[in-house]
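Read the structure below first, then the notes.
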Amino acid sequence: MQNLPIRPRRNRRTEAVRGLMRETSLSVSHLIYPMFVHEGEEDEEIHSLPGCKRWSVEGLVAEAKRLYALGIPCIDLFGAVPEEKKSMDGAEAWNPQGVVQRALRALRREVPGLLLMTDVALDPYSTYGQDGLVREYADGSYEVLNDETVEALCRQALSHAEAGADIISPSDMMDGRIAALRAALDAAGYTGVSLLSYTAKYASALYGPFRGALGSAPKKGDKKTYQMDPANRREALREAALDAAEGADMLMVKPATYYLDVISDLRAGSTLPIAAYHVSGEYLMLKAAAASGWLDEKAATLEALLSIRRAGADMILTYAAPQVAEWLQEEI
Ligand code: PBG
């Protein structure tokens with residue numbers, strides 16, 4: 001027998017031992033479920049996001065009740081509007097009778113304990129499919145305007161707060177929007193409404209299935225003048241410092257699993273809670289591999305989410321939330 005006093009395997013001997021040693025946990029209380037709501041009466045399957053639906057307001061409320069009973073603490077709402085409601089100024093985004101605003105009022109009434117988060121950005125409402133307002137030039141090019149967009153986002157956020165949102169989550173990546181949103185909310189008396197900033201949102205190839213769900217892909221061009229370059233790491237800390245100084249309550253990294261280093265940097269570099277968005281492409285890769293029988297869906301999904309927690313995220317937005325809530329219940 002070799003003289004080997006230090007044997008790390010002792011700490012992995014049985015499940016009970018491993019349980020004592022475990023550094024990271026994943027529980028339903030960490031999950032936020034992104035949901036799509038549309039004006040139709042029917043709940044529609046979303047082909048690009050298997051397992052997710054474009055809900056009618058009524059269907060959304062019923063599903064939200066079920067999820068709340070499963071222990072999911074928070075949902076994030078996205079509005080899906082038909083082409084004819086899109087415009088250059090994206091005005092449907094702050095229509096008090098818009099589909100998100102109506103959904104918020106119904107949810108507030110019917111599922112009072114559920115935290116209601118909303119996405120703030122113009123892309124689902126904009127003719128161009130850009131997150132901000134656009135100025136066109138004679139040569140056919142266009143620019144996404146910053147300061148004008150921030151004013152529009154404030155209108156959108158106020159209409160959400162008025163309809164009952166708890167947390168406003170701007171996904172647009174315009175400069176200065178956190179300070180402007182905080183000031184607008186406070187001036188209107190919504191001092192208790194939180195801001196979850198998409199702090200480090202990358203110009204990623206992984207948003208395709210989401211844009212399919214909302215019909216919100218940019219009509220031409222891309223989002224690289226405002227979303228971050230996937231090559232950059234330090235820049236995320238710069239964005240984080242600005243968001244913290246401007247009054248963000250929580251910071252977000254998006255996507256999640258390709259950007260674990262960024263989650264880890266923000267965790268180490270900020271005292272604010274950190275969220276990570278396990279985006280549509282990350283979800284779909286797992287779904288597709290599982291459907292082909294190449295990966296064990298439950299094991300691979302739980303490992304992906306645990307790795308996001310291990311990197312330092314407090315909360316995770318994921319389309320797998322309902323399924324994960326059920327899996328975690330089975331384990332108890
Ligand atoms: C747009 C927005 C996007 C997502 C959330 N908000 C897409 C984009 O920036 O084009 C992506 C979410 C996902 O892929 O799951 N404001």
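The values are calculated or read from the model by the stated rules, or taken from the named source; none is laboratory data. Because the structure is a prediction, the values reported are computed rather than measured. Note that each Cβ is placed from the backbone with ideal geometry, even for glycine, and that neighbours are counted across all protein chains shown. Surface accessibility is based on the protein's heavy atoms, side chains included, excluding ligands, DNA and RNA. Shrake-Rupley method; radii C 1.70, N 1.55, O 1.52, S 1.80 Å.
Only residues that are more than 15 Å from Ala62 (Cβ to Cβ) and either touching a Phe, Trp or Tyr at 6+ places or on another chain (Cβ under 8 Å) or open to solvent by less than 10 Å² (accessible area, probe 1.4 Å) (or both): list them for the range 99-122, please.
Val99, Val100, Gln101, Leu104, Gly113, Leu116, Met117, Thr118, Asp119, Val120, Ala121, Leu122
In this structure, is Asp265 away from the ligand (no atom under 15 Å from the Cβ), touching a helix residue (DSSP H, G or I) at 6+ places or on another chain (Cβ under 8 Å) and within 20 Å of Ser204 (Cβ to Cβ)?
Yes.
Among the residues of the range 113-129, write down those that are more than 17 Å from the chain's Cα centre (by Cα), within 14 Å of the ligand (Cβ to nearest atom) and on the phi < 0 side of the Ramachandran plot.
Tyr125, Ser126, Tyr128, listed by residue number.
Does the range 300-321 contain at least one residue that is within 16 Å of the ligand (Cβ to nearest atom), in a loop (DSSP other than H, G, I, E, B) and among the aliphatic types (A, V, I, L, M)?
Looking through the range 300-321, at least one residue is within 16 Å of the ligand (Cβ to nearest atom), in a loop (DSSP other than H, G, I, E, B) and among the aliphatic types (A, V, I, L, M).
Just a yes or no: is a residue in the range 30-45 out of contact with any Phe, Trp or Tyr (no Cβ under 9 Å at 6 or more places or on another chain), part of a helix (DSSP H, G or I) and at pLDDT 95 or above?
Yes; the residues of the range 30-45 include at least one that is out of contact with any Phe, Trp or Tyr (no Cβ under 9 Å at 6 or more places or on another chain), part of a helix (DSSP H, G or I) and at pLDDT 95 or above.
Working only within the range 248-274, note down all residues that are within 19 Å of the chain's Cα centre (by Cα), surrounded by fewer than 20 Cβ atoms within 10 Å (Cβ to Cβ) and assigned to a loop (DSSP other than H, G, I, E, B).
Asp249, Leu272, Pro273
Check Ala203 against each of (1) within 16 Å of the ligand (Cβ to nearest atom); (2) open to solvent by 10 Å² or more (accessible area, probe 1.4 Å); (3) touching a Cys at 6+ places or on another chain (Cβ under 8 Å) and name the one condition it does not meet.
Every condition holds for Ala203 apart from (3).
Report, by residue number, each residue of the range 207-234 that is without any contact (Cβ under 8 Å) to a residue 24 or more places away in the chain and open to solvent by less than 70 Å² (accessible area, probe 1.4 Å).
Passing the criteria: only Asn232.
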